[in-house]
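Q: Dumping the structure here so I can ask a few things about it.
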Amino acid sequence: MLFRSEIKVTEVVNTANVGRSTFYRNFDTLEDVLHYKADESYANCGKYLIKIIFEQARSNKNDKSAQLFFIPFFRYWHYNFEIVELLITAKREDILKHAFVKMVDDLRGEYPEVDIAHYDYFIEMRAAITIAILSQWVKTNRQESPEKLYEIFQQQMEIDKYLVKMAEYYS
């Protein structure tokens, strides 16, 4: 499914087999449909993450690593890639970011006792990292597994170690 900017409401209502009034009762624009689908997909991702994270936390109480978030996150999108692929292909990562932030904000609202220091930086960094990884994954035709995406993420996060070693070597 490719995004075409010339898609008309008439095409959408005919494909969905609903009337124009039904469309406009629920959405103001076609872009609203994209926001709705992205928000819905990310909300489902959030539910999936909570389920998996709680299961993993119960079975492996000492593992507090980023792996608890990233592998289930990437696994969800591995099986539910359509909206991500559509928005990345359409160069609408802004909609993905909005949906990601909404998902995390909603999760945060459910667990207010969890304090995240510098939340504004946390959310911007997590959104940027996850969307960048998903974007590259789509560009490479979704070849990497969720575990491989996590491995790539880990390697990139460790780049500072290599920079320190280079600095020590040249000093």
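Q: Here is a list: Arg92, Arg20. Which entry is modelled with pLDDT of 90 or more and touching a Ser or Thr at 6+ places or on another chain (Cβ under 9 Å)?
A: Step by step, each of Arg92, Arg20 is checked, and only Arg20 is modelled with pLDDT of 90 or more and touching a Ser or Thr at 6+ places or on another chain (Cβ under 9 Å).
Q: Mind checking which residues of region 16-38 are surrounded by 12 or more Cβ atoms within 10 Å (Cβ to Cβ) and under 25 Å from Lys91 (Cβ atoms)?
A: Correct list: Phe23, Phe27, Leu30, Asp32, Val33, Leu34, His35, Tyr36, Lys37, Ala38.
Q: Is it the case that region 164-171 has a residue that's on the phi < 0 side of the Ramachandran plot and surrounded by 11 or more Cβ atoms within 10 Å (Cβ to Cβ)?
A: No.
Q: Also, quick follow-up: Inside region 105-133, can you point out the residues that are without any contact (Cβ under 8 Å) to a residue 24 or more places away in the chain and closer than 14 Å to Asp39 by Cα?
A: Result: Asp105, single match.
Q: Given the criterion under 18 Å from Lys37 (Cα atoms), assigned to a helix (DSSP H, G or I) and touching a helix residue (DSSP H, G or I) at 6+ places or on another chain (Cβ under 8 Å), identify the matching residue among Leu149, Leu87.
A: Leu87
Q: Just to check your reading of the model, which residue among Leu49, Leu2 is at pLDDT below 95, under 23 Å from the mean Cα position of the chain (by Cα) and surrounded by 13 or more Cβ atoms within 10 Å (Cβ to Cβ)?
A: Within the list Leu49, Leu2, the selection yields Leu49.
Q: Shifting gears a bit: With respect to Trp77, determine if the residue is open to solvent by less than 50 Å² (accessible area, probe 1.4 Å) and touching a Cys at 6+ places or on another chain (Cβ under 8 Å).
A: yes
Q: Looking at this structure, is Tyr42 in a helix (DSSP H, G or I), open to solvent by 20 Å² or more (accessible area, probe 1.4 Å), touching a residue at least 24 places away in the same chain (Cβ under 8 Å) and closer than 25 Å to Gln154 by Cα?
A: In short, no.
Q: Now, a different point. Given (1) under 19 Å from Lys47 (Cβ atoms); (2) modelled with pLDDT of 95 or more, identify the lone condition not met by Val114.
A: (2)
Q: Within region 114-145, can you find the residues that are under 15 Å from Gln67 (Cα atoms), open to solvent by less than 60 Å² (accessible area, probe 1.4 Å) and under 13 Å from the mean Cα position of the chain (by Cα)?
A: Selection gives Ile129, Thr130, Ile133.
The values are calculated or read from the model by the stated rules, or taken from the named source; none is laboratory data. Note that the coordinates shown come from a computational prediction; the quantities given were computed from them, not determined experimentally. All Cβ positions, glycine included, derive from the backbone under ideal geometry; neighbour counts span all protein chains shown. Note: accessible area is taken over every heavy atom of the protein model, side chains too, but ligands, DNA and RNA are not part of it. Shrake-Rupley method; radii C 1.70, N 1.55, O 1.52, S 1.80 Å.
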